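J.: Have a look at this one.
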Amino acid sequence: MRTLSLSSLAALVSLTALHAAPSRDFVEQKFKELDKNHDGVVTADELPDAALFKRVDRDGDGRITLDEVLAAAAAQAQAAGGPSVTLPAPAGPHPLSASQAGLGRRIEDLRLTDLNGRTLPLFQALGRNGAVIAFTGTTCPVSKRYAPGLARLEVLLRGKGIALVVVDPFASDAPGELRSTMKDLGVTSPVVHDRAGAVVRALQGGSSSEVFLIDATRTLRYRGAQDDQYGLNYSQDAPKHTYLLDAVEEMLAGRKVSIAAVSAPGCELETAVAEGKATTSITYHGEVERILQQNCAECHHEGGIGPFSLETLGGVRERARTIKRVVEQGIMPPWFAAPEAAGRPSPWANDRSLSTDAKQTLLAWLDSKDRPEGNAGEAPKPIQWLTDWTLGEPDAVFGFAQPMAVKAEGTMGYVNVEVPTHLTEDRWVTAVQVLPGARDVVHHVGVFITKDGTKMDGGGLNYLALYVPGTAAEQFPAGMAKKLPAGSTLKFQMHYTPNGRATTDSTRIGLYFAKEPPQWEVRSAAAVNSKINIPPGEPNYELSAEVTLPPNVLILGFFPHMHLRGKAFRYDLVQPDGSTRPLLNVPRYDFNWQLTYELATPMMSPSMGTRIRATAWYDNSAANKANPDPAKNVRFGEQTNEEMMGGVVKYAVPLQRPAETVQR
């Protein structure tokens, strides 16, 4: 890996670099190269250019953080009239400026009211050596994953003379759920439901997983993440950095805490809207509620698979900072195909991205000073969301013989469950729906057709159905169906994400059979490369493979598949002269969302067949927070700590000639 020069760092904060729109991952990786002692900050010894150091060290504390590099870049771009670039926040904790985070200040003597109605001032809640105030929440995924560790943290801290106070900052969290969760976890420390936001304001809290270490004089000694085991889009079996416990040991030893403030990945906490922000004529009931209902509420409704509901004004205002972040960064709604050029329609039938107008409208309201409600009489009618079979009762349902156990903490590899169909004749499937039993822990599901232990379609990753949170039933186009042979077995490949509570899952699949023979058979093929050998620390490993489709078939869509080190994926059509034409570009692959990309207009392959090249990129560096082990040489394997490269193509083969002519 090449060394970052002074000019390289200057480029990161220059208008030229911003025009190239580097990813946040790229900037973070290069910043770490300059950070020679790996303490999360750059000092004057590491950057001996005094003028450049002063320009980037925005708070003047003699240390440059990653946030300061990005802020300097944004400021220069704005001053120069350059483009606005939104770089996604890093996935895991990163150091913050201690002075800007308020370290060393005295926390006011709050009055805390616990779930039992007991009220006591903060100073009475302190142990002889202080206290840790830990934020949590019953509806934030990161907080839920950290929750089982609260009881262990409570015992550990108590042995060191430090009390624990647990605070739920979300008014919309159900008090009964909070109470039962803490009881089930065995937490005996005071639990406060901060519905009025007094604790959040006093601590200037920013995240639902943030912890605050306060000494016996109520002086703030540390704030930020408890550790780096869990984040917005990753989980580890164990933490690599124990920030809070390290801070406790340094405080008890009478030393200054060396890493006193880090970011805490979680759900952002809403504070008072900053003064001076513009008002807006856009209202919640007039425009915003419709955007959220159309694009978000399918998952984020009461009882839905989203971690919290976005069906009420109060719930939306409380999650405004989180909504703003995920919309600006393109994380939500989940859709990762590169956008088309301005004025060109999306080629994808299932494109879930927000339109430019909807995104601008939503962000204008979220950024406004008052976030106006508007006239309730203009509100859209509520939608009754279906939680069972969305296409009606299936013709056949197949599921697990025994429930699968899902643990509370850490990570789980793929679980493969084989379910025999016992079919005595071939059947044609026109629609499918996967229905998880424990939807809050089912990350994604692939259901494959096998017979005698072998995947059909010549081993070409022949899948029957794919499920990710928020996907509805898949109905094949009219006249098309997938063949389910007699005597076949359905292989469920389950990926579970523990969320803080042990549970069991019984996933099912519903099948809808054709009433008459189809004209087209839906199949799949895959460009697969199993010769994976990713060196330790490699941030941009490239791999490619090709697949040739039969002549005169309809190409229906694509399903790129990698594991936790997957970074980007691309499909190209290889022309007869060897040149290529792009078909699908996924510049930011996300293992959390195993999406298919369905063509709005199927593409007919020529008479000589079609060569499709798939190219995948992997990040095996420490900058990839989802990486299980950056020091590992990664090879092919079906488990998530190994890697795969599968460029699946879904297509249809003619069985009978359709009456109409298919347009190329």
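J.: Can you name the residue in the range 20-71 that is of a type in the set (S, T, N, Q) and not in a helix (DSSP H, G or I) and, of all such residues, is modelled with the lowest pLDDT? Give the steps one after another, and end with the answer.
T.: Residues of the range 20-71 of a type in the set (S, T, N, Q): 23, 29, 37, 43, 65.
Retained after the next criterion (residues that are not in a helix (DSSP H, G or I)): 23, 37, 43, 65.
Working: Ser23: 47, Asn37: 64, Thr43: 82, Thr65: 77.
Filtering first and then ranking leaves Ser23.
J.: Across the range 310-322, which residue is nearest to Gln384 (Cα to Cα) among those that are open to solvent by 20 Å² or more (accessible area, probe 1.4 Å) and more than 17 Å from the chain's Cα centre (by Cα)? If you could, list the steps in order and put the result at the bottom.
T.: Restricting attention to the range 310-322, the residues satisfying the condition of being open to solvent by 20 Å² or more (accessible area, probe 1.4 Å) are 311-314, 317-318, 321.
Applying the additional criterion that residues be more than 17 Å from the chain's Cα centre (by Cα) yields 311-314, 317-318.
Numbers: Glu311: 12, Thr312: 15, Leu313: 18, Gly314: 20, Arg317: 22, Glu318: 23 Å.
Top of the filtered list is Glu311.
J.: Within the range 604-611, is there a residue that is modelled with pLDDT of 95 or more and farther than 26 Å from Pro93 by Cβ?
T.: First, the residues of the range 604-611 that are modelled with pLDDT of 95 or more: none.
Taking every residue of the range 604-611 in turn, none turns out to be modelled with pLDDT of 95 or more and farther than 26 Å from Pro93 by Cβ.
J.: If a residue must be within 20 Å of Leu391 (Cβ to Cβ), among the polar types (S, T, N, Q) and not in a strand (DSSP E or B), how many such residues does the range 471-501 contain?
T.: Count: 1.
J.: What about Gly470, is it over 14 Å from Val429 (Cα atoms) and either open to solvent by less than 30 Å² (accessible area, probe 1.4 Å) or free of Cβ contacts under 8 Å to residues at least 60 places away in the same chain (or both)? Step through it out loud before you land on a result.
T.: Working: over 14 Å from Val429 (Cα atoms): yes; either open to solvent by less than 30 Å² (accessible area, probe 1.4 Å) or free of Cβ contacts under 8 Å to residues at least 60 places away in the same chain (or both): yes.
Criteria met by Gly470.
J.: Here is a further query. Just one of (1) in a loop (DSSP other than H, G, I, E, B); (2) touching a residue at least 40 places away in the same chain (Cβ under 8 Å) trips up Gly286, so point out which.
T.: Answer for Gly286: the failing condition is (1).
J.: Within the range 502-532, take every residue that is hydroxyl-bearing (Ser, Thr, Tyr), open to solvent by 30 Å² or more (accessible area, probe 1.4 Å) and in a loop (DSSP other than H, G, I, E, B) and give me the one that is nearest to Lys183 (Cα to Cα).
T.: To start, the set of residues in the range 502-532 that are hydroxyl-bearing (Ser, Thr, Tyr) comprises 503-504, 506-507, 512, 524, 530.
Then drop every residue that is not open to solvent by 30 Å² or more (accessible area, probe 1.4 Å), which leaves 503-504, 506, 530.
From the residues that got through so far, the ones that are in a loop (DSSP other than H, G, I, E, B) too are 506, 530.
Details: Ser506: 26, Ser530: 48 Å.
In this case the residue turns out to be Ser506.
J.: Among strands (runs of 3 or more DSSP E) lying entirely in the range 323-436, which contain 3 or more residues that are open to solvent by 20 Å² or more (accessible area, probe 1.4 Å) and more than 15 Å from Val288 (Cα to Cα)? Full working, then the answer.
T.: Values: elements: 396-399, 404-406, 415-420, 427-435.
Here the list reads 396-399, 415-420, 427-435.
J.: Could you list, in sequence order, all residues of the range 259-290 that are modelled with pLDDT of 90 or more and over 18 Å from Gly206 (Cβ atoms)?
T.: Listed by number, the residues that qualify are Ser281, Ile282, Thr283, Tyr284, His285, Gly286, Glu287, Val288, Glu289, Arg290.
J.: From the list Glu108, Glu177, exactly one residue is within 28 Å of the chain's Cα centre (by Cα), surrounded by fewer than 19 Cβ atoms within 10 Å (Cβ to Cβ) and touching a residue at least 12 places away in the same chain (Cβ under 8 Å). Which is it? If you could, list the steps in order and put the result at the bottom.
T.: Values: Glu108 fails: within 28 Å of the chain's Cα centre (by Cα).
Among Glu108, Glu177, only Glu177 is within 28 Å of the chain's Cα centre (by Cα), surrounded by fewer than 19 Cβ atoms within 10 Å (Cβ to Cβ) and touching a residue at least 12 places away in the same chain (Cβ under 8 Å).
J.: Return the residues of the range 572-608 that are touching a strand residue (DSSP E or B) at 6+ places or on another chain (Cβ under 6 Å), over 22 Å from Ala465 (Cα atoms), open to solvent by 10 Å² or more (accessible area, probe 1.4 Å) and not in a strand (DSSP E or B); say none if nothing qualifies.
T.: Within the range 572-608, just Pro587 meets the criteria.
J.: What residue, of Asp246, Asp184, is closer than 24 Å to Val41 by Cα, outside any loop (DSSP other than H, G, I, E, B), out of contact with any strand residue (DSSP E or B) (no Cβ under 7 Å at 6 or more places or on another chain) and open to solvent by 50 Å² or more (accessible area, probe 1.4 Å)?
T.: Just one listed residue meets the conditions, Asp246.
J.: Just to be sure, is Arg635 at pLDDT below 90 and of a type in the set (D, E, K, R)? Steps first, answer last, please.
T.: Values: at pLDDT below 90: no; of a type in the set (D, E, K, R): yes.
Considered against the rule, which asks whether it is at pLDDT below 90 and of a type in the set (D, E, K, R), Arg635 comes out as no.
J.: Could I ask something else about it? Could you identify the single residue in Pro535, Pro576, Pro587 that is under 21 Å from Thr640 (Cα atoms) and modelled with pLDDT under 95?
T.: Pro587
J.: Sticking with this one: Taking Asp367, is it within 30 Å of Glu287 (Cα to Cα) and without any contact (Cβ under 8 Å) to a residue 60 or more places away in the chain?
T.: Values: within 30 Å of Glu287 (Cα to Cα): yes; without any contact (Cβ under 8 Å) to a residue 60 or more places away in the chain: no.
Here the answer is no, as Asp367 does not meet what is asked.
Listed here are the residues, each with its yes/no results for (1) at pLDDT below 95; (2) under 22 Å from Ala216 (Cβ atoms); (3) outside any loop (DSSP other than H, G, I, E, B).
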residue: Gln124; (1), (2), (3): yes, yes, yes
residue: Val132; (1), (2), (3): no, yes, yes
residue: Thr139; (1), (2), (3): yes, no, no
residue: Ala151; (1), (2), (3): yes, no, yes
residue: Glu154; (1), (2), (3): no, yes, yes
residue: Leu157; (1), (2), (3): no, yes, yes
residue: Lys160; (1), (2), (3): no, yes, no
residue: Val166; (1), (2), (3): no, yes, yes
residue: Ser172; (1), (2), (3): yes, no, no
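J.: Shifting gears a bit: Looking only at the range 546-558, decide whether some residue is open to solvent by 20 Å² or more (accessible area, probe 1.4 Å) and closer than 14 Å to Ala465 by Cα.
T.: For the range 546-558, residues open to solvent by 20 Å² or more (accessible area, probe 1.4 Å) and closer than 14 Å to Ala465 by Cα: absent.
J.: Further question on the same structure: Please enumerate the residues belonging to the range 111-131 that are over 18 Å from Ala253 (Cα atoms) and open to solvent by 50 Å² or more (accessible area, probe 1.4 Å). Spell out how you get there, then give the answer.
T.: So the first thing to find is which residues in the range 111-131 are over 18 Å from Ala253 (Cα atoms), and the list is 111-126.
Arg111, Thr113, Asn116, Gly117, Arg118, Thr119, Phe123, Gln124 - these are the residues of the range 111-131 that are over 18 Å from Ala253 (Cα atoms) and open to solvent by 50 Å² or more (accessible area, probe 1.4 Å).
J.: A further question follows. Write out, first by first residue and then by second, each pair whose Cβ atoms fall under 7 Å of each other, whose residues are 6+ apart or on separate chains, and whose first residue, in the range 336-362, is polar (S, T, N, Q) while the second is not in a loop (DSSP other than H, G, I, E, B).
T.: That search, which allows pairs on different chains as well, returns Asn350/Glu598; Thr361/Glu287; Thr361/Ile291.
J.: Looking at Gln293, Gln226, which one is part of a helix (DSSP H, G or I), open to solvent by 30 Å² or more (accessible area, probe 1.4 Å) and of a type in the set (S, T, N, Q)?
T.: From the options Gln293, Gln226, the qualifying one is Gln293.
The values are calculated or read from the model by the stated rules, or taken from the named source; none is laboratory data. Remember, predicted model here, so these are calculated numbers, not experimental data. Ideal geometry is used to build each Cβ from the backbone, glycine not excepted, and the neighbour counts take in all protein chains shown. These area figures cover heavy atoms from the full protein model, side chains too; ligands, DNA and RNA do not enter into them. Shrake-Rupley method; radii C 1.70, N 1.55, O 1.52, S 1.80 Å.
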